[in-house]
Amino acid sequence: MNYSIRDDDVSYWTDVAQLESVYGQLLKEGAKISFAVVPFAYQVFNNGDWDAFYFGNERKYVYENKALVTWLLFWIEKGQIEIMQHGFDHAYYVALPDGAVRFLDISIRETIHKEKLLVRYIPEFLHKEFVVAREDIALGKKILEDAFKVTASVFVPPSNSISASSARALAMAGLNMSGMIGLNFNRPFSFSALKNYVTKIVWRLYNAIPYPFVMRYSAHKELAAFSFTSADRTDALHAAYAIAAHKNAPFVLAVHYWELFENEALRNAFNAFLSDKQRNSIFLSEYFK
Ligand SMILES: [Zn+2]
């Protein structure tokens, strides 16, 4: 059975030594990896900690990190890495108790701590309005395509979250989407959207995993991914893979290189899962063909 490895969060701020540490050996053994890259990223601090993470105020283009671009281009030319688009700047916003919505920088983080505020986090493409989303998605796609001399055809929304209007914007840019497929109806209304909604609800009545096949909307396609962010999910990973194999369905394993780098138990479970199947990996975009 084939499957694909999706890595999120590579950006200007990525230390290429971490990518080499996590993926160097797998690539030498023939793995193919689909990287979801942030075109114009803010630096994130305390990533992965919901009570402490925040963003710096400076955005950087991915192509400004020359060592990163060189490393990725080497494996792109070998046909083992593909570039997908991970949002535009990966900003997070917070809705404060008084209703105000703010960019999550250090001063907002300190206010949240000091005043013990209960806030709601808003990922980039739940926050951006249609016109901004359309411009940012198109510009981000061009930044990646110019830097890596490829065509980006898959969009991974930060936090796997996207609004109906942003879904319309990504379809207009000619992109398909890899995300987590929730059970709410959150796409522009169409016959295909309604049909997909019913399909995924009915599927979940009888199956332990989200609908695992490609869903066709009027102007784009979507596919769910299995998010592997904790070694506690190792049994669930093996179970989800077994179900996909049984159903002859696609399987996308979504990880973060920085989490694999920092978390030894997660990295060991990841490597154990891949130990006999790295050569069966395919690019995520191939599932949309
Ligand atoms: Zn991300």
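Pairs, please: C-beta under 9 Å, at least 6 apart or cross-chain, first residue within 20 Å of GLU64 (Cβ to Cβ) and assigned to a loop (DSSP other than H, G, I, E, B) and in segment 1-26, second of a type in the set (Phe, Trp, Tyr) and more than 16 Å from the ligand (Cβ to nearest atom)?
TYR12/TYR61; TYR12/TYR63
For PRO212, all conditions in the list (1) within 20 Å of ILE33 (Cα to Cα); (2) more than 16 Å from the ligand (Cβ to nearest atom); (3) outside any loop (DSSP other than H, G, I, E, B); (4) not aliphatic (A, V, I, L, M) hold save one; what is the number of the exception?
Only one criterion is unmet by PRO212, namely (3).
If you scan segment 141-164, which residues turn out to be under 14 Å from GLY87 (Cα atoms), more than 15 Å from the ligand (Cβ to nearest atom) and small (Gly, Ala, Ser)?
If the condition is that a residue be under 14 Å from GLY87 (Cα atoms), more than 15 Å from the ligand (Cβ to nearest atom) and small (Gly, Ala, Ser), then ALA152, SER153, SER163 are the ones that fit.
Looking at segment 3-33, which of the residues that are within 17 Å of ALA254 (Cα to Cα) and within 14 Å of the ligand (Cβ to nearest atom) is nearest to the chain's Cα centre (by Cα)?
ASP8
Regarding segment 44-65, can at least one residue be identified that is more than 15 Å from the chain's Cα centre (by Cα), within 16 Å of the ligand (Cβ to nearest atom) and among the basic types (Lys, Arg)?
For segment 44-65, residues more than 15 Å from the chain's Cα centre (by Cα), within 16 Å of the ligand (Cβ to nearest atom) and among the basic types (Lys, Arg): present.
Specify which of the listed residues (TYR241, TYR211, TYR206) is touching a Phe, Trp or Tyr at 6+ places or on another chain (Cβ under 7 Å) and modelled with pLDDT under 95.
Result: TYR211 is the single residue among TYR241, TYR211, TYR206 that is touching a Phe, Trp or Tyr at 6+ places or on another chain (Cβ under 7 Å) and modelled with pLDDT under 95.
Return only the number of the condition from (1) surrounded by 13 or more Cβ atoms within 10 Å (Cβ to Cβ); (2) at pLDDT below 95 that SER190 does not satisfy.
Every listed condition holds for SER190 apart from (1).
Go through segment 127-140 and give me each residue that's of a type outside the set (Gly, Ala, Ser) and more than 16 Å from the ligand (Cβ to nearest atom).
Across segment 127-140, the qualifying residues are GLU129, PHE130, VAL131, VAL132, ARG134, GLU135, LEU139.
Which one of these is of a type in the set (S, T, N, Q) and under 28 Å from LEU19 (Cβ atoms): SER107, SER159?
Just one listed residue meets the conditions, SER159.
Exactly one condition in (1) modelled with pLDDT of 95 or more; (2) part of a helix (DSSP H, G or I); (3) closer than 22 Å to ASN47 by Cβ is not met by GLU145; state its number.
(3)
If I filter segment 69-91 for residues that are of a type in the set (S, T, N, Q), under 25 Å from LEU266 (Cα atoms) and away from the ligand (no atom under 16 Å from the Cβ), do I get at least one hit?
Yes.
Report, ordered by the first and then the second residue, all pairs with beta carbons closer than 6 Å, sequence separation of six or more or different chains, a first member in segment 269-289 that is on the phi > 0 side of the Ramachandran plot, and a second member that is loosely packed, with under 14 Cβ neighbours inside 10 Å.
So the pair list comes out empty.
I'd like the full set of residues that are closer than 16 Å to GLN278 by Cβ, surrounded by fewer than 14 Cβ atoms within 10 Å (Cβ to Cβ) and of a type in the set (A, V, I, L, M), limited to segment 1-39.
If the condition is that a residue be closer than 16 Å to GLN278 by Cβ, surrounded by fewer than 14 Cβ atoms within 10 Å (Cβ to Cβ) and of a type in the set (A, V, I, L, M), then MET1 is the only one that fits.
Which number in (1) within 14 Å of the ligand (Cβ to nearest atom); (2) buried (at least 19 other Cβ atoms within 10 Å of the Cβ) marks the one condition that ALA167 misses?
Just one mismatch for ALA167, condition (1).
Failed condition for ILE162, given (1) assigned to a loop (DSSP other than H, G, I, E, B); (2) over 29 Å from LYS142 (Cα atoms); (3) touching a Leu at 6+ places or on another chain (Cβ under 9 Å), with all others met?
If we test ILE162 against (1) assigned to a loop (DSSP other than H, G, I, E, B); (2) over 29 Å from LYS142 (Cα atoms); (3) touching a Leu at 6+ places or on another chain (Cβ under 9 Å), just (2) comes out false.
What do you reckon, is ALA244 within 25 Å of HIS86 (Cβ to Cβ), part of a helix (DSSP H, G or I) and not basic (Lys, Arg)?
Against the criterion (within 25 Å of HIS86 (Cβ to Cβ), part of a helix (DSSP H, G or I) and not basic (Lys, Arg)), ALA244 qualifies.
The values are calculated or read from the model by the stated rules, or taken from the named source; none is laboratory data. In this text the structure is predicted, and so the values were computed from the model without any measurement. Please note: Cβ atoms are built from the backbone with ideal geometry, for glycine as well, and neighbour counts cover all protein chains shown.
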